[in-house]
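The structure appears below as structure tokens.
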Amino acid sequence: MTQAPYILWLDDASAPGNALLGGKFASLAHSTAAGLAVPPGFGVTTAAYRHFMTATGLAEEAARIRARAPHMALNEIKGETARLVEGIKTAPLPPELDTKIRESYAVLERRTGVSETPVAVRSSGESEDLEGASFAGQYETYLWICGVDAVIRHIRACWAGMFGDAVLSYRVDGENAVAAGDFGMCVGIQQMVQARAAGVMFTLNPLNGDRSKVVMEACWGLGEGVVKGDITPAQFTVDKVTLEILDRKTVEQTETYCFDPAAGEVTLMPMADERCRKPCLDDEQVLELAKLAKQIERQRGAPQDIEWAIGERGELRVLQVRPETVWSHRETKSLVEKGQSPVNRVLARFAGVKVAAKAAQGESR
Amino acid sequence: MQQTATPQAAASSSAKARFTSPFDITTPEGAEGWQELYPYYALISPERREMEDEKLWFFDGMHSPAPLYPFDTIMTENWWVAASQMSNRVWPIPLALGIDHRIINGYLYISPNAVTDPDEVAKRAEHFNARAGHYYENWDTIYDEWVTKARDCIERLKVIEFKPLPELVPDEQVFGHRGLYSSHDLLTAYNTLIQNMLEMGSYHFEMLNLGYGAYLTFREFCQEAFPGISDQTITHMVSGIDILLFRPDDEVRGLAELAVELGLDEVVLANESPEVMLAAIGAAPNGDKWLAAYEEAREPWFWFSTGVGYTHEDPVWMNDPRLPFTALRGYIKALKSGDDIRRPLDEILDKRTQVTAEYRELLPTEDDREAFDGLVELARKVYPFVEDHNFYVEHWHHSLFWEKVRELGDLFVAHNFFDDREDVFYLHRHEIYDALYDVLIGWAVGTPPRGEVYWRPLIARRKQIRDTLCRWSPPPALGVPPETITEPLTIMLWGITPETIDEWLGVDATADGELRGVAASPGKVTGRARVITDFAQLYDIEDGEILVCRITAPSWAPVFQRVAAAVSDVGGMMAHTAIISREYGLPAVVGTGFATTSITNGDLIEVDGNEGIVRVLDKEA
């Protein structure tokens, strides 16, 4: 048996769907293979994580804490995990892993033609595959990380993030989600897109589950604010069948997430330029995105939630594709009463009986 | 738009707003006594003030954009009964009685009557289900029968003749011992003419409400399943590609191809005047072949009104071929620059199939897909009638009818009652019966009839009144808005919904330089406005201008080739304008209420056919 690789590139033939990449990155590898414009990058695999944990002797402590997770009160967790988290952040990397990561980052620098190339360091957990658990927003992503030492520091931070209080107490259907298994984590290293505008789109209307729409939220600059919710995004609704823009809600954006060279990190900065008064997407871009959403949904065979960015030269990039989890897991209800003839439906309509119930109502589980 | 309209509606309906009372409408100076042009039953009546004041009356600019000619009220009076009886007494539609009419300052205002008592609704539903069910189940057969009846009615109309009374009755009336003479024939011809019009008027509505109802039900299903879906997308899934309304224009395309084929293209292009052009073709080699094809195309396809067919004033292609000839020249130019001028029927049909299939796939359950299949099939079944009745009734029959009335006008001129055949339209049809009897008296007795001195001053006065009323701007609605609007024709045809009414109530036409209407055909265009309040102004239109009118007619096709977009005061998504705009790929916003009064010639406007908004960007000084 060959040793599982510590590094797996998104465009590697064995990458799509490979469990070693965790949920998010395996999915991105799929998208890469399907020809979508995914920024280049590689995953530091779950095998790399496990090798680190075993070599440093931290694995046993991790297992002990996971087993205790269902019994810990939220305020206890931090104290209980402090030693483990400190270990993950400081224990020396096994030399062969350290070398592999440094080599791979150097390859990425060559591929992008930029030394110290800015990357996003993103958690991609195995647990994301859990039915109904997106762990949305629970795992860390670090943007605009430059230089391999900083990259390694943030890989460790992603690993440590698995033992944060929110993750350890994350529940699905009332059950503690992480207690059950020895989940590993892949950390993805991906070229940063210098976004002119970015955002999220759903291949259904998230408000009512209507699958004939693509609904997108977008803002100027990096899409962080849209995901976090601290920027009010513009919203566009597109008819998925006819590709007409049915609704536009534009906003005057006053702040934008961008890389602050002085602080050396991504921060929310005031928008100085003329852009803020203009819609962050023009009609052509909205339609290009909607077509992309339609294509991705067709490839995946189910409604999707897609993060995207548009670079300064107008190039469209896919940052993340994951299955939509709310409406897709809700029981589908018929709009109509079963078994009536069309004539009877029309006759009843003339007497004031509506022909169909509203498309799925926003009732919560 | 739909989504944002709802909260507004809720907000303004709580304010209990109302429109101006019909009793507070004043007569413009110079039009005093306008009431004498119309029958007593069509006027707002002080004796029934309470009832009339509490109803919603909205201006039917869609069918009757101008002050009614006294004779032309035969059309509005016809559907006052014919459309209403279908809803109220024939089916009966559970939720709707008839649609009431009033003439105010010469303009037609209408008011749908709803049924609100649940017991009454249930009682009506029982009859309705049996009767309407029968029509839906046998739709295709009944439609075939309908076409036969309509064509027969048209044939009987064609043979009606009006000839001045002879010096002596013809020999055969005497020697055939007929006992009935020219006087009797004249009255019979007139009665037959009126009966024939009312007969077609009845057929007109035989299947229409049910057709609209099936379509509306499908539309509502789509709106519930796919909230925000555009009206034109729904129509697109249902509407046919080979409807008769496109046929006249298709004939012109065919004539353009033939002209090029026969080498007559230069002759057509060189001559603007129809008479000169036809003469030049006649003189050219192969000209006879083209003229033969032209004659064949004309009958019946040039019985095509340039209006909606409800007034005699709308020129008809048959008598005024300027419009089709303009189109002809356009098509010939297109052909010569290598364009394919045939409508891409297969492409349109493929697209329709694909769009329908995609929506179907997106429905939540198999039961929903089954319901969708059934409803789209039923809507497509009824739709040929909905679209094609228009050609048989409004274009072919009505155009012929107006021609017959003009022949009657000639008779009055011959008997020295009028100076002009067109004066006949200044008499109500009941007055015509009197005037005809007056003709008979004068002819029979040998005393000059009073009509020779009676009508001329009256007609002169009526002309002056009507001209004055033409300059008055009818408000879109009067009276009190109802709680709900359920009458299907009101919604379908006039595009009047609770949202429309709130729009009108809150309107300050030019306050923010923005008008809202129905997004009838997608696209967004900016250009100079050309406001058309009279048909003759159509010839002033310059390429790239935006047509702004009360209502357009499908036969304005050549105009659609030249304009960049269309805006109308009235109309819903099923209005003829909307259908043709979509066919021509022009952005259109219909039902704006105030476009012709708030926009002036030369204003720079933006038409947003996606959102249903017209913006005035720059007022012409």
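The values are calculated or read from the model by the stated rules, or taken from the named source; none is laboratory data. From a predicted model like this one, the values you see are computed outputs, not experimental measurements. No Cβ is skipped: glycine too gets one built from the backbone with ideal geometry, and neighbour counts run over all protein chains shown.
A few points about this structure:
- Test: B:N105 is more than 14 Å from every other protein chain (Cβ to nearest Cβ) and at positive phi: yes
- Unmet requirement for B:G211, which otherwise passes all of (1) crowded, with 23+ Cβ neighbours inside 10 Å; (2) farther than 30 Å from B:H134 by Cα: (2)
- Scanning segment B:204-217 for residues that are aromatic (F, W, Y) and facing chain A (nearest Cβ under 8 Å) yields a total of 0.
- Scanning segment B:78-113 for residues that are of a type in the set (S, T, N, Q) and closer than 30 Å to B:K463 by Cα gives B:N78, B:N105, B:S111.
- Residues of segment A:79-102 satisfying the condition of being part of a helix (DSSP H, G or I) and closer than 27 Å to A:R68 by Cβ: A:G79, A:E80, A:T81, A:A82, A:R83, A:L84, A:V85, A:E86, A:G87, A:I88, A:K89, A:T90
- Residue match in segment B:134-148 (condition: more than 30 Å from B:T27 (Cβ to Cβ) and touching a Lys or Arg at 6+ places or on another chain (Cβ under 6 Å)): yes
Listed here are the residues, each with its yes/no results for (1) in contact with a Leu (Cβ under 9 Å, 6 or more places away or on another chain); (2) outside any loop (DSSP other than H, G, I, E, B); (3) away from chain A (no Cβ under 14 Å); (4) buried (at least 16 other Cβ atoms within 10 Å of the Cβ).
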{"site": "B:Y294", "(1), (2), (3), (4)": "yes, yes, yes, yes"}
{"site": "B:E299", "(1), (2), (3), (4)": "no, yes, yes, no"}
{"site": "B:H312", "(1), (2), (3), (4)": "no, no, yes, yes"}
{"site": "B:A334", "(1), (2), (3), (4)": "no, yes, yes, no"}
{"site": "B:R352", "(1), (2), (3), (4)": "no, yes, no, yes"}
{"site": "B:L363", "(1), (2), (3), (4)": "yes, no, no, yes"}
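Residue-wise test of (1) at pLDDT 85 or above; (2) in the same structural domain as B:A595 (by TED's automatic domain parsing); (3) under 25 Å from B:V386 (Cβ atoms).
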residue: B:E499; (1), (2), (3): no, no, yes
residue: B:P522; (1), (2), (3): no, yes, yes
residue: B:R530; (1), (2), (3): yes, yes, no
residue: B:G544; (1), (2), (3): yes, yes, no
residue: B:L547; (1), (2), (3): yes, yes, yes
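- Within the span defined as segment B:172-182, every residue fails to be within 14 Å of chain A (Cβ to nearest Cβ), within 26 Å of B:E199 (Cβ to Cβ) and of a type in the set (A, V, I, L, M).
- Considering residues of segment B:262-277 that are under 21 Å from B:W301 (Cβ atoms) and either surrounded by 17 or more Cβ atoms within 10 Å (Cβ to Cβ) or modelled with pLDDT of 95 or more (or both) only, the residue farthest from the chain's Cα centre (by Cα): B:L262
- Checklist (1) without any contact (Cβ under 8 Å) to a residue 24 or more places away in the chain; (2) in a strand (DSSP E or B); (3) within 12 Å of chain B (Cβ to nearest Cβ) applied to A:T242, failing item: (2)
- Residue, modelled with the lowest pLDDT, within segment A:246-271, restricted to residues that are within 14 Å of another protein chain (Cβ to nearest Cβ) and buried (at least 18 other Cβ atoms within 10 Å of the Cβ): A:D247
- Residue satisfying all of: in segment A:280-333; under 18 Å from A:N208 (Cβ atoms) and acidic (D, E); surrounded by the fewest Cβ atoms within 10 Å (Cβ to Cβ) among these: A:E331
- Near pairs, Cβ below 9 angstrom, 6+ apart or cross-chain, from segment B:370-383 (more than 8 Å from chain A (Cβ to nearest Cβ)) to any residue that is of a type in the set (D, E, K, R) and buried (at least 18 other Cβ atoms within 10 Å of the Cβ): B:A379/B:R219
- Test: residue in segment A:230-237 that is modelled with pLDDT of 90 or more, surrounded by 15 or more Cβ atoms within 10 Å (Cβ to Cβ) and outside any helix (DSSP H, G or I): yes
- B:E161 meets all of the listed conditions (1) at pLDDT 95 or above; (2) within 14 Å of chain A (Cβ to nearest Cβ) but one, namely (2).
- Filtered residue count, segment A:1-29, keeping only those that are surrounded by fewer than 17 Cβ atoms within 10 Å (Cβ to Cβ) and part of a helix (DSSP H, G or I): 1
- A single member of A:T32, A:T54 is without any contact (Cβ under 8 Å) to a residue 40 or more places away in the chain, surrounded by 20 or more Cβ atoms within 10 Å (Cβ to Cβ) and assigned to a helix (DSSP H, G or I), and it is A:T32.
- Exclusive hit being buried (at least 17 other Cβ atoms within 10 Å of the Cβ), touching a helix residue (DSSP H, G or I) at 6+ places or on another chain (Cβ under 9 Å) and not assigned by TED's automatic domain parsing to the domain that holds A:K291, set A:L97, A:L108, A:L74: A:L97
- Whichever residue in segment B:511-545 is in a loop (DSSP other than H, G, I, E, B) and among the acidic types (D, E) and, among such residues, is farthest from the other protein chains (Cβ to nearest Cβ): B:D534
- Matching residues, segment A:305-351, being of a type in the set (D, E, K, R) and touching a strand residue (DSSP E or B) at 6+ places or on another chain (Cβ under 6 Å): A:D305, A:E307, A:E312, A:R317, A:R322, A:E324
- Matching residues in segment A:200-215 - criterion: being within 14 Å of chain B (Cβ to nearest Cβ) and either aliphatic (A, V, I, L, M) or more than 30 Å from A:T267 (Cβ to Cβ) (or both): A:T203, A:L204, A:N205, A:L207, A:N208, A:G209, A:D210, A:R211, A:S212, A:K213, A:V214, A:V215
- Whichever residue in segment B:423-480 is in a loop (DSSP other than H, G, I, E, B) and of a type in the set (V, I, T) and, among such residues, is farthest from B:L180 (Cα to Cα): B:V480
- All of (1) on the phi < 0 side of the Ramachandran plot; (2) within 14 Å of chain A (Cβ to nearest Cβ) hold for B:G228 with one exception: (1).
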